[in-house]
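Let me begin by presenting the structure, written as structure tokens, before commenting on it.
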Amino acid sequence: MKRTAIYPGTFDPITLGHMDVIHRGLKVFDRIVIGVAENPKKCPMFDLDTRLAMVHESVADNPAVEAVAFTGLLVDLAHEHHAAALLRGLRAASDFEYEFQMATMNRHLDERIESVFVMAREDYTFVSSRFIREISEMGGDVSALVPKPVLKHL
Ligand code: ADP
């Protein structure tokens, strides 16, 4: 039986930090389903279709990785894909508080689904979708920080 994890996020846009989480996750799981959240409260810069397209294009060469858009509960998405775990990344202590709350809430909703965290690669700890958006809007070079397919969308 294949071990599947859901990797949820806003991916506004997907970065090399996210890609690193996916590669680390594949050391532990056989299959990763990336859940691109609609997340209207975050007022994403890219609409859901574009965020999903950027993820699809970035993982197209890896048959162990799929991407879907989702709007409902994470635990429902996990059931739908027969996933045993939710995969998330941690960059710094500042990520911890929110991740801890989310993992605890998801555990409350469904005890069977475990949250699993991987640590960011040292040279990507400063990489966030927000910085990518801000720097590229101001004309800065982010080509070393995002997958190639993202560049044409920025
Ligand atoms: P969300 O809005 O759910 O936080 P994000 O797309 O910002 O969605 O992030 C999704 C997950 O990826 C989060 O767990 C976040 O901490 C993690 N992540 C984001 N950037 C990095 C990075 N550079 N290295 C490791 N993990 C990261």
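All of the numbers you see were taken from the coordinates with simple rules; none came from a lab. Here the structure is a predicted model, which is why all the values come from computation and not from measurement. Every residue, glycine as well, gets a Cβ built from its backbone with ideal geometry; the counts of neighbours run over all protein chains shown.
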Quiz item: With the calculation restricted to Cα positions, what are the radius of gyration and Dmax of segment 4-151 in angstrom?
Solution: 14.6, 46
Quiz item: To the nearest 20 debye, what charge dipole does segment 64-139 have about its Cα centre, counting +1 at the Cβ of each Lys and Arg and -1 at the Cβ of each Asp and Glu?
Solution: 80
Practice problem: Find how many whole Å separate the alpha carbon centroid of segment 4-29 from the alpha carbon centroid of segment 77-147. | Solution: 8
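Given charges of +1 on the Cβ of Lys and Arg and -1 on the Cβ of Asp and Glu, with all other atoms neutral, how large is the dipole of segment 4-151 about its Cα centre, in debye to the nearest 20?
Values: 14 positive and 22 negative charges, 38 e Å.
Computed about the Cα centre, the dipole is about 180 debye.
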Quiz item: Okay, helix-only estimate at 222 nm for the chain: each DSSP H run of n ≥ 4 adds -39500 (n - 2.57), divide by all residues, round to 500 deg cm²/dmol; what do you get?
Solution: -11000 deg cm²/dmol
Exercise. Using only the Cα atoms of segment 52-134, construct the convex hull and provide its projected area averaged over every direction, in square nanometres to one decimal.
Key: 6.7
Quiz prompt | Rounded to 10°, Cα long-axis angle of helix 93-109 versus longest principal axis of the chain | solution = 40
Exercise. Write down the percent of antiparallel bridges among all DSSP beta bridges whose residues are both part of segment 4-151, to the nearest 5.
Key: 0
